[in-house]
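Have a look at the structure below before the remarks.
The values are calculated or read from the model by the stated rules, or taken from the named source; none is laboratory data. Being a predicted model, the structure only gives us computed values, none of them experimental. No Cβ is skipped: glycine too gets one built from the backbone with ideal geometry, and neighbour counts run over all protein chains shown.
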Amino acid sequence: MKCTPVILLILIAMTALSCKTMKDEKDNSDSLDFEVVQNDYLMGGGAENIEESIVLCNSEQDLQNIKEKMNSVNYATEALDNTDINFEKETVIGYFQPVRSSGGYALQVQSLNRVNEGQNDGYILHLELQKPQGAATMALTQPFVFIKTKKIDGLIKYKVNE
């Protein structure tokens with residue numbers, strides 16, 4: 001029974017080594033808190049003319065501009081319209097996928113990280129694209145997601161894992 005403490009110590013060490021930290025080491029970044037405001041898809045078949053992109057909204061006018069494009073074919077901003085945003089303290093970030101040939105795609109935000117790049121902070125939005133499971137709607141769709149976070153400014157990049 002003398003080997004029991006040794007085995008226990010080995011198990012604890014293995015567990016500690018296998019744990020991941022919240023810091024994204026490959027990006028040398030710090031994680032920021034965020035709230036998902038809307039996670040949906042556009043149904044205009046690309047007629048909204050929104051390419052795959054990331055959108056940074058630091059004012060009501062910035063948000064209004066993108067909502068006008070999103071609503072140009074179908075009303076698509078219900079959750080955004082019903083969310084209180086204090087642009088003095090908060091930023092809204094949107095990400096649009098390319099138009100897809102079927103429904104069933106969904107985006108999940110994994111993290112928002114601040115990356116120190118020289119004198120300016122940059123940010124990386126990590127997302128996961130979930131593909132359709134089973135039967136999917138045969139219509140052109142464009143998945144998108146909007147989050148809000150504390151007030152930020154700077155270049156925002158995105159990484160999508162499929």
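Overview of results
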| quantity | calculated |
| --- | --- |
| Test: residue in region 119-133 that is β-branched (Val, Ile, Thr) and assigned to a strand (DSSP E or B) | yes |
| Test for LYS151: is it of a type in the set (Lys, Arg), surrounded by fewer than 16 Cβ atoms within 10 Å (Cβ to Cβ), within 19 Å of the chain's Cα centre (by Cα) and under 25 Å from ALA47 (Cα atoms) | no |
| Selection within region 120-140 - surrounded by 17 or more Cβ atoms within 10 Å (Cβ to Cβ) and at pLDDT below 90 | LEU140 |
| So GLU117, is it of a type in the set (Asp, Glu) and either within 28 Å of GLY46 (Cβ to Cβ) or at pLDDT 95 or above (or both) | no |
| Subset of region 85-111 (residues that are more than 16 Å from ILE50 (Cα to Cα), of a type in the set (D, E, K, R) and in a strand (DSSP E or B)) | GLU90 |
| Sole residue being in contact with a His (Cβ under 9 Å, 6 or more places away or on another chain), modelled with pLDDT under 95 and under 17 Å from ILE124 (Cβ atoms), chosen from ASP30, ASP24 | ASP24 |
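Here is a yes/no grid of residues against (1) modelled with pLDDT under 95; (2) exposed (fewer than 13 other Cβ atoms within 10 Å of the Cβ):
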{"residue": "LYS2", "(1), (2)": "yes, yes"}
{"residue": "LEU11", "(1), (2)": "yes, yes"}
{"residue": "SER18", "(1), (2)": "yes, yes"}
{"residue": "GLU35", "(1), (2)": "no, yes"}
{"residue": "LYS67", "(1), (2)": "no, no"}
{"residue": "GLU88", "(1), (2)": "no, yes"}
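Here is a yes/no grid of residues against (1) hydroxyl-bearing (Ser, Thr, Tyr); (2) in contact (Cβ under 8 Å) with a residue 40 or more places away in the chain; (3) over 18 Å from ASN39 (Cα atoms):
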site	(1), (2), (3)
ASN71	no, no, no
THR91	yes, yes, no
PHE96	no, yes, no
VAL109	no, yes, no
ASN113	no, yes, yes
ASN116	no, yes, yes
VAL145	no, yes, no
LYS148	no, yes, no
